[in-house]
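Take a look at the structure set out below.
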Amino acid sequence: MEKVKVAVNGYGTIGKRVADAIRLQPDMELIGVAKTSPNYEAIIAYRKGINIYTLKDSIEKFEKVGIKVAGTIEDMVKEADVIVDATPNGVGATYKPLYQSFSKNAIFQGGEKADVGDVSFSALCNYDEAKGKKYIRVVSCNTTGMLRVICTLNKVSKVEKVRATIVRRAADPKEVKRGPINSIVPDPATVPSHHAKDVLTVIKGIDIITMAVIAPTTLMHLHTMVLTFKDKVTKDTIVDALLNTPRIVLVNSSRTSVASTAEIIEVSRDLGRNRYDIPEVVVFEDSIYTNGNEAFLMYGVHQESIVVPENIDAIRASLQLMEKEESIKITNETLGIMKGYLI
Ligand code: NAD
């Protein structure tokens with residue numbers, strides 16, 4: 001099989017995980033990653049044998065710390081078939097003209113405005129709509145979590161209304177300048193939060209309102225969600241649908257004592273998962289409650305890794321490498337992504 005050449009521009013929290021995931025795909029080759037600063041992430045990537053590209057003016061900085069640069073970001077873009085852009089919020093859009101000038105496909109992240117892409121993407125919801133699109137935006141971590149749950153439960157009965165509260169982690173663990181905070185901050189103070197609007201970029205027309213707060217934690221986000229369905233639903237059918245969907249796992253607090261985001265992360269550490277990543281949405285089974293046409297639930301979202309499988313599927317959709325089910329299956333198998341109970 002001829003492999004597609006993938007480059008990753010921006011090698012931070014998301015970029016380094018996507019780069020590692022690309023290296024595990026049978027149909028992809030990582031040709032290199034681009035960074036602007038030669039920090040510990042760049043040094044480790046270089047030691048792993050990954051080609052490092054940077055801005056022309058930054059080459060000297062990299063060589064000072066012993067990194068022999070493979071070329072400029074422009075060189076990298078020229079050589080790639082597709083670029084995953086994982087640069088900071090808003091920076092991705094400034095690179096779009098470069099990708100366009102070489103007529104290269106690109107996958108952007110959720111920190112960019114929706115119009116950077118021809119389509120916003122969540123593999124379980126709209127893979128087919130993204131097929132052949134040159135510019136795809138993978139939605140943010142919180143939106144990815146919500147979409148996986150909504151699109152999965154929409155198969156039980158049509159979802160007519162969603163109300164959700166997003167309890168956001170204040171910062172990623174490495175972000176020493178952003179957190180932790182000693183406060184719970186409405187984010188934004190006005191309702192609805194932008195997350196509902198972001199969901200609507202993928203599933204059009206659904207009645208959804210979200211609120212968000214920032215909490216003093218770095219490990220995971222936690223969502224509380226209430227869905228109203230067309231028909232009456234039972235806890236069993238909701239549990240069944242969630243248990244049978246890869247990229248969603250359940251934890252049963254009464255059986256396993258896993259009853260918090262901290263314990264989910266500890267389980268991931270104990271399972272020996274790389275970087276303690278959990279790309280699956282983690283639903284607290286005991287939180288699932290039904291009342292006529294309504295279902296209530298709470299779940300955790302590991303912000304650092306949840307969008308990684310979506311980026312891999314977005315590459316395949318963009319280049320039309322394979323159909324949805326096959327792409328999702330290969331991504332899940334290569335990344336060890338589960339369904340069912342986490343433990
Ligand atoms: P990050 O700050 O960890 O990484 C960004 C990387 O881009 C860094 O390696 C930085 O050196 C590099 N960079 C900065 N300016 C650059 C430039 N001009 N050219 C090339 N590289 C440059 O950021 P992140 O958390 O990985 O976020 C990247 C994107 O992913 C954002 O759109 C963000 O909204 C989105 N996202 C982040 C998370 C999360 O929780 N961290 C979750 C989902 C989506």
Practice task
Any chance you could count how many residues in region 269-286 are surrounded by fewer than 22 Cβ atoms within 10 Å (Cβ to Cβ) and touching a residue at least 60 places away in the same chain (Cβ under 8 Å)?
Solution key: 5
Exercise for the section: Count, please, the residues in region 88-115 that happen to be within 12 Å of the ligand (Cβ to nearest atom), over 17 Å from the mean Cα position of the chain (by Cα) and surrounded by 15 or more Cβ atoms within 10 Å (Cβ to Cβ). Expected result: 4
Handout entry: Top-ranked residue in region 11-21 [being open to solvent by less than 30 Å² (accessible area, probe 1.4 Å) and out of contact with any helix residue (DSSP H, G or I) (no Cβ under 7 Å at 6 or more places or on another chain); ranked as nearest to the ligand (Cβ to nearest atom)]
Key = Thr13
Handout entry: Of residues in region 127-154 being in a helix (DSSP H, G or I) and open to solvent by 10 Å² or more (accessible area, probe 1.4 Å), the one nearest to the ligand (Cβ to nearest atom)
Key = Cys141
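Conditions tested, residue by residue: (1) part of a strand (DSSP E or B); (2) among the hydrophobic types (A, V, I, L, M, F, W, C).
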{"position": "Ile181", "(1), (2)": "no, yes"}
{"position": "Val202", "(1), (2)": "no, yes"}
{"position": "Gly205", "(1), (2)": "no, no"}
{"position": "Thr210", "(1), (2)": "yes, no"}
{"position": "Val213", "(1), (2)": "yes, yes"}
Exercise for the section: Answer yes or no: is there a residue in region 46-59 that is open to solvent by 50 Å² or more (accessible area, probe 1.4 Å), within 12 Å of the ligand (Cβ to nearest atom) and of a type in the set (A, V, I, L, M, F, W, C). Expected result: yes
Exercise for the section: State whether one or more residues within region 75-88 are more than 17 Å from Val307 (Cα to Cα), modelled with pLDDT under 95, outside any helix (DSSP H, G or I) and out of contact with any Asp or Glu (no Cβ under 8 Å at 6 or more places or on another chain). Expected result: no
Problem - Wholly within region 228-328, strands (runs of 3 or more DSSP E) carrying at least 3 residues that are not β-branched (Val, Ile, Thr) - result: 294-301
Problem - Enumerated helices (runs of 4 or more DSSP H) restricted to region 1-65, each holding at least 3 residues that are without any contact (Cβ under 8 Å) to a residue 40 or more places away in the chain and out of contact with any Leu (no Cβ under 9 Å at 6 or more places or on another chain) - result: 40-47, 59-64
Problem - Any hit, region 181-195, residues being under 27 Å from Cys151 (Cα atoms), open to solvent by less than 20 Å² (accessible area, probe 1.4 Å) and of a type outside the set (D, E, K, R) - result: yes
Exercise for the section: Select from region 60-73 the residues that are within 13 Å of the ligand (Cβ to nearest atom) and not hydrophobic (A, V, I, L, M, F, W, C) and write down the one among them that is least open to solvent (accessible area, probe 1.4 Å). Expected result: Thr72
Problem - Candidates Met28, Met76, filtered to the one that is on the phi < 0 side of the Ramachandran plot and within 12 Å of the ligand (Cβ to nearest atom) - result: Met76
Practice task
Tell me which residues, restricted to region 320-330, are over 14 Å from Phe121 (Cα atoms) and either of a type in the set (A, V, I, L, M) or within 13 Å of the chain's Cα centre (by Cα) (or both).
Solution key: Leu321, Met322, Ile330
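The values are calculated or read from the model by the stated rules, or taken from the named source; none is laboratory data. Note that the structure is a prediction, hence the values are computed from the model and not measured. Here Cβ is always computed from backbone atoms with ideal geometry, including for glycine, and neighbour counts include all displayed protein chains. Only protein heavy atoms, including side chains, enter the accessible area calculation; ligands, DNA and RNA are left aside. Shrake-Rupley method; radii C 1.70, N 1.55, O 1.52, S 1.80 Å.
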